[in-house]
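Each remark here refers to the structure printed beneath this line.
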Amino acid sequence: MRIGLYFDEDTVRHALVAALLQRGVDVRTALDADMIQATDDQQLAFAADEGRTIYTFNMQDFCRLHAEWLAAGRSHTGIVVARQQQYSVGEQMRRLLRLLAAKTADDMHNHLEFLSDWEPGAGS
C-alpha cells in the first residue's frame with residue numbers, strides 16, 4: 001500500500017505540495033485539514049487516524065513523541081523529520097519521492113525516518 005503524506009503546519013510549502021500532487025503523491029496538509037495551531041500530539045494523532053505518514057520540521061518534538069507513543073503502546077503511521085531550511089523545495093521533493101519509492105505504508109507503521117537519509121542517487 002502506498003504512503004499518504006500529511007504535512008504539519010511547519011512543512012506546508014505550496015510549491016512542494018503542488019509538485020508532489022503533480023507526481024501522483026497523496027498529500028494532505030494541516031491547512032486543508034483545519035489543523036493549524038493543533039499541538040504536535042494532535043497532529044500525530046490526526047495523521048494516524050487518517051492512515052498518513054506525517055512530515056515535519058519539528059525534529060526534536062516528534063522524535064520524543066515517537067518514543068513516548070511506542071512506550072505507551074500507541075500506534076502511529078509513520079513520521080518523517082527534516083531540519084528546517086536545510087533543503088530547497090526541489091531537494092525535499094526528490095528525497096520524499098525516493099523514500100516513497102522505497103517504502104510502503106506498512107513499512108512506515110510506528111517508524112521514524114530522517115529525510116537526510118534519502119539522498120537522491122545514493123545507493124539503497
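The values are calculated or read from the model by the stated rules, or taken from the named source; none is laboratory data. Predicted model only: the values in this text are computed from it and were never measured. Note: ideal-geometry Cβ built from the backbone for every residue, glycine included; neighbour counts use all protein chains shown. SASA here: full protein model, heavy atoms, side chains in, ligands and nucleic acids out. Shrake-Rupley method; radii C 1.70, N 1.55, O 1.52, S 1.80 Å.
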Value of [θ]222 nm, deg cm²/dmol, for the chain, DSSP H segments ≥ 4, -39500 (n - 2.57) each, nearest 500: -12000 deg cm²/dmol
Given charges at Cβ of Lys, Arg, Asp, Glu: the chain dipole, positive-most of Met93, Val27, His76: Met93
Accessible area (Å², per residue) of the chain, counting only protein heavy atoms and a probe of 1.4 Å: 52 Å²
With all protein chains modelled, accessible area of Arg64 [1.4 Å, Å²]: 110 Å²
Hydrodynamic radius by Kirkwood, which averages 1/r over all alpha carbon pairs of the chain, in angstrom: 14.3 Å
Whole-percent carbon and sulfur share, accessible surface of the chain, 1.4 Å: 46 percent
Cα gyration tensor category, rounded, prolate or oblate, for region 1-59 with a/c compared to 1.5: oblate
